[in-house]
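Data block below; observations after.
The values are calculated or read from the model by the stated rules, or taken from the named source; none is laboratory data. Bear in mind the structure is a predicted one, so any value in this text is a computation, not a measurement. Neighbour counts are summed over all protein chains in view; Cβ atoms, including those assigned to glycine, are modelled from backbone coordinates with ideal geometry.
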Amino acid sequence: MPEIYILRLGHRPERDKRITTHVALTARALGARGIYVSTPDKELERSVRSVVRRFGGDFQITTGVKWKPFLKEFEGASVHLTMYGTHIDDALPRVRDVAADKMLIVVGAEKVPPEVYQWSTFNIGVGNQPHSEVAALAVFLDRFSQGEGLRHDFDGHMKVLPCERGKKVVNDTQ
């Protein structure tokens, strides 16, 4: 499995803070190594780092990234998730062949500039209807990893234990 990173474009802190947090947490939970956000947002960084501290893993977040040079110079395959792209089922075999070492997944918050479509290795549609970028990222990562992303142990201080009813959380700091 390649190292996977997310590039979040167009984050608007006053409007998108929960959605961008959910993009980051979904990426982390499904096996990505980190997220880069085009807009500076220290509160978003604090929030995501707090989850990583408590639940474990080595997920990284960096905000205020200049996305154009970052995307253009990324050493690996870039996958832009969009409702206008090639259907995910048709694209995944090629993505797996090309993205052997490192992959950048691009998700937008607002209208994505045309350069993203031109510079991305793949433009992939997770369905061709309007939908959430969180859902698109989750579907893509789950299908790409063939479900293995959900089995990762993060070795954190807090763990949620599977149970049919109720909530079981182990916190080894108490």
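Numbers for the structure displayed
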| read-out | value |
| --- | --- |
| Residue list for segment 149-174, restricted to those being among the small types (Gly, Ala, Ser) and either closer than 21 Å to Ser50 by Cβ or part of a strand (DSSP E or B) (or both) | Gly156 |
| Candidates Val116, Val112, filtered to the one that is modelled with pLDDT under 95, in contact with a His (Cβ under 9 Å, 6 or more places away or on another chain) and not charged (D, E, K, R) | Val112 |
| The lone exception for Lys17 - which of (1) farther than 20 Å from Met103 by Cα; (2) modelled with pLDDT under 95; (3) out of contact with any Asp or Glu (no Cβ under 8 Å at 6 or more places or on another chain) it fails | (3) |
| Residues located in segment 148-167, provided they are out of contact with any Lys or Arg (no Cβ under 9 Å at 6 or more places or on another chain), under 30 Å from Ala91 (Cα atoms) and either surrounded by 10 or more Cβ atoms within 10 Å (Cβ to Cβ) or aromatic (Phe, Trp, Tyr) (or both) | Glu148, Gly149, Leu150, His152 |
| Checking Val170 against (1) without any contact (Cβ under 8 Å) to a residue 60 or more places away in the chain; (2) surrounded by 13 or more Cβ atoms within 10 Å (Cβ to Cβ); (3) aliphatic (A, V, I, L, M); (4) touching a Leu at 6+ places or on another chain (Cβ under 8 Å), the condition it does not meet | (2) |
| Filter result for Ser38 (farther than 17 Å from Asp142 by Cα, free of Cβ contacts under 8 Å to residues at least 12 places away in the same chain and of a type outside the set (D, E, K, R)) | no |
